[in-house]
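Asker: First the structure, then my questions, so here it is.
Rule-based calculations on the coordinates, nothing more; no lab input. In this text, all values refer to a predicted model and were calculated from it rather than measured experimentally. For neighbour counting, all protein chains shown are included, and Cβ atoms are generated from backbone atoms with ideal geometry for every residue, glycine included.
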Amino acid sequence: MKILLHICCAPCSIYPLDELRREGLEVTGFFWNHNIHPYQEFRKRLEAVKTYGREADLPVMVEEEYFLDDFLRAVAAEPSGRCRYCYASRLDVAACKAAAEGFPAFTTSLLYSRYQQHDVIRQLGEEAAARHGIKFRYDDYRRGWRQGIDQSKALGLYRQQYCGCIYSERDRYGAERRR
């Protein structure tokens, strides 16, 4: 069976890709992440995904357009709801892409991170899949956390230090909120 793997970043895709291939699935990657800030961070992550795709013999479709304005318009009024919006929008685009390209199912490397809200991702992934007439494959890839980290370091892949958006960057580096 073919499956589309939405990729948030190269390091987070390593373990899910290994697991999907172990199950005999034919995997294609898809990079679409409108939340990443700043632009140089977006480019670093995009290039790391392309590099990993070549290294892992993984076909990868990428969206190189930088949709930061769309993301900020959607979350600026209520930053506390940013993660749900971010998951929903990326999963919906991935489900749409999977359906358009003839994939019967999709999943996401977001399910690898210990820092993501798995219950929300699963719900939104299933809803997106239903809207587009395909299946969402949930798996808890957190069990491979250490393995993915070790492999990404061994491959010399760019490893980001925060989830991606301007708010997660602020939270990661402890900047105080000013009014």
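Asker: Using just the helices of the chain, give the 222 nm mean residue ellipticity in deg cm²/dmol: DSSP H runs with n ≥ 4 each add -39,500 (n - 2.57), and the total is spread over all residues, rounded to 500.
Answerer: -16000 deg cm²/dmol
Asker: Using r as the Cβ-Cβ distance of D140 and M1, and R0 as 25 Å, what FRET efficiency do you calculate, to the nearest 0.05?
Answerer: About 0.80, to the nearest 0.05.
Asker: Roughly how many nanometres apart are two label points built 7 Å out from the Cα toward the Cβ at E55 and R114?
Answerer: 2.2
Asker: Return D140, D57 ranked ascending by Cβ neighbour count within 10 Å, so the fewest neighbours appear first.
Answerer: D57, D140
Asker: Next question, about the same structure. With a sphere of radius 11 Å drawn around the Cβ of P11, what net charge do the other residues whose Cβ falls strictly inside it have (Lys, Arg +1; Asp, Glu -1)?
Answerer: Computed value for this residue: +2.
Asker: Here is a follow-up. Going through the DSSP H helices of the chain, which span 20 Å or more along their own axis at the Cα atoms while scoring at least -0.5 as a mean Kyte-Doolittle hydropathy?
Answerer: Result, helices passing both filters: 82-100.
Asker: I want the local charge near R146. Using Cβ-Cβ distances under 12 Å, sum +1 for each Lys or Arg and -1 for each Asp or Glu among the other residues.
Answerer: +3
Asker: Test of the criteria: in the stretch 118-179, which GluC sites (Glu not before Pro) are in a DSSP loop and have at most 13 other Cβ atoms within 10 angstrom of their Cβ?
Answerer: Here the sparse-neighbourhood loop sites are E176.
Asker: Ranking L155, L124 by Cβ neighbours within 10 Å, fewest first, what do you get?
Answerer: Sorted ascending by nearby Cβ count, the order is L155, L124.
Asker: Where does the charge balance sit around F106 when Lys and Arg score +1, Asp and Glu -1, over other residues with C-beta under 9 Å from its C-beta?
Answerer: That works out to +3.
Asker: Further question: Between the alpha-carbon centers of the stretch 1-34 and the stretch 67-87, tell me the distance in whole angstrom.
Answerer: Answer, in whole Å: 24.
Asker: Quick query: amide H of V62 versus all other amide H atoms, modeled in the peptide plane; which residues come in under 5 Å with a sequence gap of 5 or more or a different chain?
Answerer: Distant-sequence amide H within range of V62: F31.
Asker: For K44, go through the lysines and keep the ones whose alpha-carbon is under 30 Å away, minus same-chain ones fewer than eight residues off.
Answerer: Of all the lysines, those that pass the test against K44 - Cα under 30 Å, at least 8 places apart if same chain - are K2, K97, K153.
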